[in-house]
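Coordinate-derived values only; no laboratory data. Nothing here was measured: the structure is a model prediction, and the numbers come from that model. Methodologically, a virtual Cβ is constructed for each residue, glycine included, from the backbone with ideal geometry; neighbour enumeration extends over all protein chains shown.
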Amino acid sequence: MLAPTSANACDNALNVVIIKVGGSLAHSEHLRTCLQRVAKLFANQAVIIVPGGGVFADQVRSLQQHWHFDDSTAHTMALLAMQQMALFYQSIHPEFKIISHSQDIKQQYCVQKKLLWSPNISELEAAKINPSWDVTSDSLAAWLANTLPTKELILLKSAPIDPSLSFAELAQRDIIDKSFCTMISNANYPIKIIHVDALH
């Protein structure tokens, strides 16, 4: 069991599991099962759930196609979609605590092992995250993993995943976003992209 005594102890240990849970699961009982499974499988580890924008982000895409507003505005709205989904996930599984800024996460995950990331828009703007649909919650989960002492990054998808495909090939098939490969180019942690039923 992890038992660091300070925020510095957390910073010096590669011990955080980051799991992106696709927003497409919002209309499926897979979501409740998935969150329960995460809580059980990683009971003694620090886990951060990154929610996809799901139906809320889909509405942003639809509005942008109709009104043709700029990508920067759409990107901010999509981040708000992730924030809404974080609230939704917490309503299903209250054990997870919502937290926004990466520095707050570093201070909290040693004592509160189950966290839901509600991305801080100002922090991502300061990090110069590209405001584009090429950057979705997949790449943002990777950005968060790059920012924290990360043990593993897992992307859970509702679509079937062919394990023989490379990350680049998955991006070509729109299973992951176009910026993900760039975001993980210097990753020093293992990465898994799996169907939600394969979480075990």
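A simple rule links phi to the HN-Hα coupling: the Karplus curve 6.51 cos²θ - 1.76 cosθ + 1.60 with θ = phi - 60°, which for region 189-198 gives 9, x, 10, 10, 10, 9, 5, 4, 6, 8 Hz, with x for Gly and Pro.
Indicate the gyration tensor shape class of region 136-181 (rounded, prolate or oblate), computed on the Cα atoms with a ≥ b ≥ c the square roots of the eigenvalues: a/c under 1.5 is rounded; otherwise a/b larger than b/c is prolate and the rest oblate.
Since a/c reaches 1.5 and a/b is larger than b/c, the shape of region 136-181 is classed as prolate.
Toward the positive end of the charge dipole of the chain, with +1 on the Cβ of Lys and Arg and -1 on the Cβ of Asp and Glu, the farthest Cα among ALA46, SER62, ALA159 is that of ALA46. For region 31-44, the Karplus equation 6.51 cos²θ - 1.76 cosθ + 1.60, evaluated at θ = phi - 60°, returns couplings of 5, 4, 4, 4, 5, 5, 5, 4, 4, 6, 5, 10, 4, 10 Hz by residue, with Gly and Pro reported as x. Under 5 Å between amide hydrogens, built in the peptide plane, is the criterion, and for LYS114 it picks out VAL47, LYS97 among residues at least 5 positions away or on other chains.
Which shape class applies to region 29-74: rounded if a/c is under 1.5, otherwise prolate when a/b exceeds b/c and oblate if not, where a ≥ b ≥ c are the square roots of the Cα gyration tensor eigenvalues?
oblate
Dividing the helix sum by the residues of the chain, where each DSSP H run of 4 or more adds -39500 (n - 2.57), gives a mean residue ellipticity at 222 nm of -12500 deg cm²/dmol. Between amide H atoms placed 1.01 Å from N, distances below 5 Å from LYS192 occur with LEU153, ILE154, LEU155, all of them 5 or more places distant or on a separate chain.
Between PHE69 and any residue 5 or more places off or on another chain, the built amide H atoms are never under 5 Å apart.
Set against the 2.2 N^0.38 Å expectation for a compact globular protein, region 7-198 has a Cα radius of gyration ratio of 0.96.
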